[in-house]
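Heads up: the structure comes next, in structure tokens.
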Amino acid sequence: MRLFRTFGNRSLAKNSYKEVDPGMMWSKLKQMTEERFVPELQGRVQVFQTVYRKSNDEEGEFWFSLDKKKLFSCGSMSFFAAERNETERLRSSTEDLSPHELQVRARETLMKQGMMTVGDFNGLLRSSLNLSVDAMLEHDCPLIRGLALIDSRLGRRRLEQMSVSGEHEFVSQMHSTRRAAKRGEI
């Protein structure tokens, strides 16, 4: 599949997709993600991650902040604990599933709650750079849906027509943050 069409001396990206390097450094991934935010929220909503290099497993944590206040965070260790609990819950409620199938189901359930490892989070952010706003809004992960709401490609009228009742807390926060920023309230 060709991502670029050439017109004379210039090439235009089809649907403004960019090819994303799978080995991209965190700083570049953060920059590319935050560049998509609406102008009112650029520099105010930020994405962070840290890796605890001196720990045995070198796991870490990621979080979103608005004006330097944490909106949402998840660490790899809290994910692993939740995954173990969810796997045990599934094991007791379902029969005839292999340990691998239990783990896959547990991870899917936790991802729908926005819980994941730092590595999974980086992979999701990387893949979100190649998604349209519609695909981001329909994504299983609430973090990607929340990022879609503050994406500059999402129009104001469409945002106003959206209902986020019953959505993950992060999605609701991003919806209200963007609406308030447009009105100049924050």
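The values are calculated or read from the model by the stated rules, or taken from the named source; none is laboratory data. Given the structure is predicted, the values throughout are model-derived calculations rather than measurements. No Cβ is skipped: glycine too gets one built from the backbone with ideal geometry, and neighbour counts run over all protein chains shown.
Among the residues making up region 152-186, a single one is of a type in the set (Gly, Ala, Ser), more than 19 Å from MET111 (Cα to Cα) and within 16 Å of the chain's Cα centre (by Cα): SER152.
What's the total number of residues in region 45-60 that are in contact (Cβ under 8 Å) with a residue 40 or more places away in the chain and closer than 18 Å to LEU143 by Cα? Before you say what the answer is, go through the steps one by one.
Keep residues of region 45-60 that are in contact (Cβ under 8 Å) with a residue 40 or more places away in the chain, which gives 45, 47, 49, 51, 59-60.
Imposing the further condition that a residue be closer than 18 Å to LEU143 by Cα reduces the set to 45, 47, 49, 60.
Selection size over region 45-60: 4.
List pairs: first residue in region 136-153 and among the aliphatic types (A, V, I, L, M), second residue part of a loop (DSSP other than H, G, I, E, B) anywhere in the structure, Cβ distance under 7 angstrom, at least six positions apart or on different chains. Filtered contacts from region 136-153: LEU143/GLY114; ALA148/LEU154; ILE150/VAL38; ILE150/LEU41.
Considering only region 137-151, state which residues are of a type outside the set (Lys, Arg) and either closer than 26 Å to ARG105 by Cβ or surrounded by fewer than 17 Cβ atoms within 10 Å (Cβ to Cβ) (or both).
Matches in region 137-151: LEU137, GLU138, HIS139, ASP140, CYS141, PRO142, LEU143, ILE144, GLY146, LEU147, ALA148.
Here the condition is being within 26 Å of MET32 (Cβ to Cβ), modelled with pLDDT under 90 and not aromatic (Phe, Trp, Tyr); of SER132, SER76, it holds for SER76 alone.
Checking the condition out of contact with any Gly (no Cβ under 8 Å at 6 or more places or on another chain) and either free of Cβ contacts under 8 Å to residues at least 40 places away in the same chain or closer than 30 Å to VAL51 by Cα (or both), which residue from VAL133, VAL118 passes? Talk me through it step by step, then tell me what you get.
Details: VAL118 fails: out of contact with any Gly (no Cβ under 8 Å at 6 or more places or on another chain).
Criteria check complete, one pass: VAL133.
For region 51-98, the candidate set comprises residues that are within 14 Å of GLY119 (Cβ to Cβ) and in contact with a Cys (Cβ under 9 Å, 6 or more places away or on another chain); within that set, the residue that is surrounded by the fewest Cβ atoms within 10 Å (Cβ to Cβ) is GLU61.
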